[in-house]
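Step one of this worksheet: look at the structure below.
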């Protein structure tokens, strides 16, 4: 009999650029190009603004995707065990 220990669930951060790529709104090449522009931009503009300025997506599509990205997240409530009061 093989005993296995349960694996802990891990939350991974999904960034907006990855979301656009995963939704197939950006190609891998566009995503990498926009990412490079984002990190090299001295003003640190938002990723969506970079995508629009490069002409990869129109602003209305980026806005719609941003709304879906932020509002479409599932909320997971985690209940931590409460410490027992000392007697």
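Here are the numbers for the structure shown:
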{"item": "Shape call, segment 16-71: gyration tensor on alpha carbons, a/c limit 1.5", "result": "prolate"}
{"item": "Sorted by Cβ neighbour density within 10 Å, fewest at the top, the residues 62, 14, 51", "result": "14, 62, 51"}
{"item": "Extended-chain gain in nm, criterion 0.36 nm per residue less alpha-carbon gap, residue 28 and residue 54", "result": "7.9 nm"}
{"item": "Amide N proximity, segment 25-63 versus residue 16 label position 7 Å along Cα-to-Cβ, cut-off under 11 Å", "result": "45-52, 62-63"}
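Read-outs: derived from the displayed coordinates by stated rules, not from any lab. All of these numbers come straight from a predicted model, not from anything done at the bench. Glycine gets a Cβ as well: all are built from the backbone with ideal geometry, and neighbour counts include every protein chain shown.
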